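Only one structure is covered here, and it is reproduced in the block below.
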Amino acid sequence: MDWHKYSIIIDPAQEDAVAALLYSLGIEGVEIEDGMIPSEEELGQMFVDLSPELAPDEMPAVGEPKISFYLRVSGDDGSAQPQSGDVTDDSYTIHDRLWFPEEELALLQQLRDNWTRRFPGLPLRLESDISREEDWRDNWKQYYQPLLVNDLLILPVWEDIPKEYAEAVCSGALKLIRLDPGTAFGSGTHESTRLCLDGLKKWMRGGETVLDIGCGSGILGLAALQYGASSVTATELDPACSHVIEENLSLNNVNKDCFKFFEGNILSDPALVTGRFDLILCNILAPVIIALAAPGAADRYAKTGGIFITSGIYKEHQQAVEAAFRANPAWEFVETVPLNDWVSVVARRK
């Protein structure tokens, strides 16, 4: 399916006025690029733990401020164009108004006419591009290949078991996890997820009850079950993960009685989960982990002797996370495990 992208180069002071104009013409949503490097406060609101000191080639590119909008365009026969591959799977499709060619041309003319009236003397700098839905819907899959982590084989749902691993999987020497990450975080390829998987391999003995805070795709809970957990309780505040987790449980034939999922924020709603657990996992962000390490937070969910494996911590924040655990008399700091620029901090419930 084709999406026509139109971008208007603007002065930042025009942002609200241009957005209002587009909405008045029937545009249902706009994308705003202010051309500015994010501030420290803005970075702190993102779901990523970045190094406070980026190298020059790591800094975001600065471009001209612009407002963009996308039109979902009909096919030549007046119908929506089919997707590539399996047309029955539209889980990655944006459902938006369908624009016919004559409507698109009329919209652009209305935009030019209204622009002249709203901003006299200021030329309309309009750029256009075409984006095919499958370009962003499916092409990312080529970069997600079967991944071997310790004795776990994490297999994308669209891939077959590689021949070199088939015998080990059949014999049980390799534990198989089939995964469709969808839009959720947690494919096993990032260092932070790898650190948690390594931690599970090290600390699990079998029979544990596990709590996964911020479970994403559910990959860590699935791995815990493969290592013999008796049950997994998982929380996630991103509503997009619910469908992804349900799909991954089905792919791995997991009984839902063994994997219970709760959508919500365990910090703001402690009653979201009840009970105490042998092992807690949290692969999120350093500030969240520091909050969970505080008295009365994650310690309320840990059994005596229970292990808390945390990750998603950039190395610059290692000391702050360690200090948070040491400041809470309920926790005993156990170890910090590094992997490239990331660390996992492990603590034990006293």
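Some observations on this one:
- Residue that is surrounded by the most Cβ atoms within 10 Å (Cβ to Cβ), among those in region 322-339 that are in contact with a helix residue (DSSP H, G or I) (Cβ under 8 Å, 6 or more places away or on another chain) and over 15 Å from I307 (Cα atoms): A324
- Screening L281 against (1) among the hydrophobic types (A, V, I, L, M, F, W, C); (2) outside any strand (DSSP E or B); (3) within 26 Å of K202 (Cα to Cα) leaves a single unmet condition, (2).
- Among residues of region 300-321 being buried (at least 17 other Cβ atoms within 10 Å of the Cβ) and out of contact with any strand residue (DSSP E or B) (no Cβ under 6 Å at 6 or more places or on another chain), the one that is farthest from L197 (Cα to Cα) is H317.
- Verdict on P329 being assigned to a loop (DSSP other than H, G, I, E, B) and either of a type in the set (D, E) or at pLDDT 95 or above (or both): yes
- Taken over region 1-15, the criterion of being farther than 22 Å from S74 by Cβ and outside any strand (DSSP E or B) is satisfied by I10, D11, P12, A13, Q14, E15.
- If you check N340, N253 for being free of Cβ contacts under 8 Å to residues at least 24 places away in the same chain and on the phi > 0 side of the Ramachandran plot, only one passes: N253.
- Check on F308, part of a strand (DSSP E or B) and within 25 Å of L225 (Cβ to Cβ): yes
- Selection over region 227-257 of residues that are more than 20 Å from the chain's Cα centre (by Cα) and surrounded by 14 or more Cβ atoms within 10 Å (Cβ to Cβ) gives a count of 6.
- Selection of first residues in region 259-277 that are closer than 12 Å to L292 by Cα and of second residues that are in a strand (DSSP E or B), restricted to Cβ pairs under 6 Å at least 6 apart or on distinct chains, gives the following pairs, ordered by first then second residue: I266/I213; I266/T235.
- Yes/no for P295 being over 15 Å from T233 (Cα atoms) and either of a type in the set (F, W, Y) or surrounded by fewer than 16 Cβ atoms within 10 Å (Cβ to Cβ) (or both): yes
- In a residue-by-residue description of region 198-214, the property of being surrounded by fewer than 22 Cβ atoms within 10 Å (Cβ to Cβ), modelled with pLDDT under 95, in contact with a strand residue (DSSP E or B) (Cβ under 8 Å, 6 or more places away or on another chain) and within 30 Å of A271 (Cα to Cα) applies to no position.
Residue-wise test of (1) modelled with pLDDT under 90; (2) among the small types (G, A, S); (3) out of contact with any helix residue (DSSP H, G or I) (no Cβ under 6 Å at 6 or more places or on another chain).
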| site | (1), (2), (3) |
| --- | --- |
| D151 | no, no, yes |
| P162 | no, no, yes |
| A166 | no, yes, yes |
| K175 | no, no, no |
| G186 | yes, yes, no |
| L195 | no, no, yes |
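The values are calculated or read from the model by the stated rules, or taken from the named source; none is laboratory data. Everything quoted here is computed from the prediction, not taken from an experiment. Because the Cβ atoms are built from the backbone with ideal geometry, glycine has one as well, and the counts that use them run over all protein chains shown.
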